[in-house]
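The values are calculated or read from the model by the stated rules, or taken from the named source; none is laboratory data. Just so it is clear, the structure is predicted and the values come from calculations on it, not from any experiment. Cβ coordinates were reconstructed from backbone atoms using ideal geometry, including for glycine residues, and neighbour counts include every protein chain displayed. We work out accessible area using only protein heavy atoms, side chains counted, and drop any ligands, DNA or RNA first. Shrake-Rupley method; radii C 1.70, N 1.55, O 1.52, S 1.80 Å.
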Amino acid sequence: MAFPITRLRRLRRTAELRNMVCETRLTPDAFVYPMFVCPGEGVRKEVRSMPGVFNLSVDEAVKEAREVHSLGVLSVILFGLPDKKDEVATGAWADSGIVQQATRAIKREVPGLVLMGDVCLCEYMSHGHCGIVKAAPTPQSLGAAALDTRTAAAVRDGAEKEKAIDKLAGSLARASQAYEIVNDASLELLARTSVSLAKAGMDIIAPSDMMDGRVAAIRRALDEAGFINTPILSYAAKFASGFYGPFREAADSAPQFGDRRSYQMDGANVREAMREIEADIEEGADMIMVKPAMPYLDVIAAARNRFDLPLAAYQVSGEYAMIEAAARNGWIERERVMMESLLSIRRAGASVILTYYAKDAAKLLS
Ligand SMILES: [Zn+2]
């Protein structure tokens, strides 16, 4: 039936009708609230690029967790800022680690809250990478540097020559910093971190490092330690993204050199994302995640169509910061855009949404 028999506006006429035919609904129990735990007492330090988000000492984290839970949000995910960093990420797997401390305290005070532990090494490594770093045997860009030397010599004058020299200096710097993020050795530390968190009372282990084989390594270690009932939520398709910028300030986890493109995914690849997810499911993941969310809604939708596991999506720091910045300038309506962004992620197919808006959205929904 076409117009004038069909008039789609008939069902949009009133709020009641629109509500009746609404296809996608948000509920607070779908949200997971990320929290950044730091050393000290009474610390509540706002993250500059994420207004409304704080670094919290354990005592403050407990208060925050209580508030989150009272709003109907069922879960928080914990990130840690250790007082010391080193080359083996001791702060990640030590039983006295900052997240282990926070886990024990929150479990004691707010037992009904589901605690997720982000498992990665970058926040605890002095170099800020997500795995063990080793100098690469042959500097891979030396050839490129040699090629550039010839280019620079061939260019004779002016701005062109300056540009060529700049380029040469850049590739020489890269060549002297040749390194590799070692996959298999990193697995051992990730597994050790997971067991330590489970011992502290963590309900769900969420590896975010993007090393190959980490889910299998973590599952094996958890089972051997007796944690057969601790589920793994795998950051299965995590893209190397510019939207993580503000998080790196929040978690003090920016790499000191290079970038994360040799382990996180290329934003161009959706088929590879399906392979990543499939691999993690085969290794024993109980839930899967796509990160970031809004720039990758198609990946969420593809994952939803293809896999039957509970699917999570992470609305990352940059997504949050963009909305906050525009709202502060009066360019958008904050609450409206916040809810629309969450709705889009839910509509794409995510059943669980990790979001800095968990508290504010829950308040609006109640
Ligand atoms: Zn990391």
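Odds and ends about this structure:
- Cα centroid separation, region 283-331 to region 224-261: 14 Å.
- Stretch gain in nm, segment Asp212-Ile5, where the contour uses 0.36 nm per residue and the Cα spacing is subtracted: 68.9 nm
- Taking only the Cα atoms of region 318-366, the ratio Rg/Rh comes out at 0.96, with Rh defined as the Kirkwood radius.
- C-alpha long axis of helix 297-306 to longest principal axis of the chain, angle in °: 70 degrees
- Solvent exposure of Arg18, expressed as accessible area, is near 120 Å², computed with a probe of 1.4 Å over the protein chains only.
- Accessible surface of region 1-97, 1.4 Å probe, proportion on carbon and sulfur as whole %: 56 percent
- Restraint check, Lys63/Lys107; Lys107/Lys199; Lys107/Lys359; Lys63/Lys84, Cα-Cα greater than 23 Å: Lys63/Lys84
- Based on every Cα atom in the chain, Rg and the maximum pairwise Cα distance Dmax equal 22.9, 75 Å.
- Local electrostatic count at Ser341 - Lys and Arg +1, Asp and Glu -1, tallied over other residues with Cβ under 13 Å: -2
- FRET efficiency, Asp308 to Phe257 (Cβ-Cβ, R0 41 Å, nearest 0.05): 0.50
- Using alpha-carbon coordinates, inclination of helix 142-154 to the longest axis of the chain, degrees: 70 degrees
- Among 273-284, 229-240, the peptide with the highest mean count of other Cβ atoms within 10 Å heads the list, and the full ranking is 229-240, 273-284.
- The chain, relative contact order in percent, only Cα pairs under 8 angstrom and at least six apart counted: 18 percent
- Full-stretch length increase - Asp298, Lys63 - with 0.36 nm per residue and alpha-carbon distance subtracted: 80.9 nm
- Distance from region 177-218 to region 9-24 (C-alpha centre basis), Å: 47 Å
- Cα convex hull of region 1-113 - mean projected area over all directions, nm²: 12.2 nm²
- Debye log10 I(q)/I(0) for region 215-321, one point scatterer per Cα, at q = 0.24 Å⁻¹: -1.26
- Potential lengthening between Glu87 and Met20 on full extension [0.36 nm per residue; Cα-Cα distance subtracted]: 18.5 nm
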